[in-house]
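Note sheet for the following structure.
The values are calculated or read from the model by the stated rules, or taken from the named source; none is laboratory data. Treat the numbers as computed from the prediction; the structure is a model and nothing was measured. Cβ coordinates were reconstructed from backbone atoms using ideal geometry, including for glycine residues, and neighbour counts include every protein chain displayed. Note: accessible area is taken over every heavy atom of the protein model, side chains too, but ligands, DNA and RNA are not part of it. Shrake-Rupley method; radii C 1.70, N 1.55, O 1.52, S 1.80 Å.
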Amino acid sequence: MTAHRIIVAPSLLACDFGRLAEEVRQVEAAGADWLHVDVMDGHFVPNLTIGPAVVEAIRRSSRVPLDVHLMLDRPQEFLTPFLDAGAHYLTVHVEAEGLRTESVLRKALEAIRGAGAKAGLSLRPRTSAEALQPFLDAVDLVLVMTVEPGFGGQAFMPEAMPKVRKLREAFAGDLAVDGGINALTGRACREAGANVLVAGTSIFRAPSYQDAIRSLRG
Ligand code: DX5
Ligand code: ZN
């Protein structure tokens with residue numbers, strides 16, 4: 001397996017939304033490779049966050065790729081608005097209620113790629129790697145949740161590491177981890193084969209964004 005470049009994707013969920021454009025500029029200047037944007041619908045997860053209008057605003061103040069993580073029950077209804085808003089990576093969950101049928105999920109992934117964006121597929125901590133197997137040819141990014149999705153600031157679940165290892169063997173694209181990622185847990189993830197580290201709290205609550213981002217690269 002070829003070595004993958006380590007990509008650090010700060011999760012804006014942990015930033016100061018009252019100073020969104022400034023936070024975007026500061027974290028980019030500190031070395032962010034991508035910006036991770038968490039979209040929640042209050043159904044797939046018990047929390048609500050932002051929609052396409054805010055993603056579009058983030059896009060206008062950013063230069064690096066936007067990695068948009070859709071935690072929605074019916075993501076297929078919102079692909080076009082988020083793609084139009086400027087998502088470069090658009091990730092849906094394999095457990096999403098509206099995507100239970102294999103052909104519907106495949107169609108959603110094809111629609112993302114068809115629009116010129118990168119397609120991502122994510123899974124909850126309790127979902128096995130096998131659930132992704134039929135779709136690995138149709139995705140550019142796999143996002144392994146290392147906490148139960150819904151909120152920032154939760155504790156990393158080390159039990160996700162065997163799944164990261166298994167997916168690295170089966171998948172040559174970008175392999176991301178999301179939830180509780182800091183210098184220590186990030187290292188475990190890199191060793192298991194992850195190359196994209198999504199981190200909210202450990203970057204935005206750190207005294208120096210630059211030091212926090214650098215420490216994630218190892
Ligand atoms: C959780 C989100 C994460 C979250 C990570 O559902 O998908 O992206 O922002 O936050 P931390 O790094 O604080 O665990
Ligand atoms: Zn996320």
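Observations
- Within the listed set Ala57, Ala87, Ala194, the Gaussian network model of the chain (springs between alpha-carbon atoms below 10 Å) gives the highest mean-square fluctuation for Ala57.
- Antiparallel content of DSSP bridges confined to the chain, in %, to 5: 5 percent
- For segment 44-151, the share of alpha carbon pairs falling in successive 10 Å distance bins from zero is 15, 50, 31, 4 percent.
- Across segment 7-217, Cα pairs under 8 Å and at least six residues apart give a relative contact order of 20 percent.
- Karplus-derived HN-Hα couplings along segment 90-104 (A = 6.51, B = -1.76, C = 1.60, θ = phi - 60°), whole Hz, x at Gly and Pro: 10, 10, 10, 9, 5, 8, 4, 3, x, 10, 4, 7, 4, 5, 6
- Cα gyration tensor shape for segment 1-79, rounded if a/c is under 1.5, else prolate or oblate: oblate
- Computed from the C-beta positions of Gln154 and Arg63, the FRET efficiency with R₀ = 30 Å rounds to 0.50.
- For segment 185-192, putting each phi into the Karplus relation 6.51 cos²θ - 1.76 cosθ + 1.60 with θ = phi - 60° gives couplings of 6, x, 5, 4, 5, 4, 5, 7 Hz, in residue order, rounded to whole numbers and with x for Gly and Pro.
- With only the Cα atoms considered, the chain has a convex hull volume of 107 Å³ per residue.
- Leading residue at positive end of dipole, the chain (Cβ point charges), from Leu79, Thr127, Gly98: Thr127
- For the chain, the mean residue ellipticity at 222 nm estimated from helices alone is -9500 deg cm²/dmol, where every DSSP H run of n ≥ 4 contributes -39500 (n - 2.57) and the total is divided by all residues, rounded to the nearest 500.
- Efficiency of FRET from Cβ geometry, Arg187 and Thr80, R₀ 30 Å, rounded to 0.05: 0.20
- Accessible area (Å², per residue) of the chain, counting only protein heavy atoms and a probe of 1.4 Å: 44 Å²
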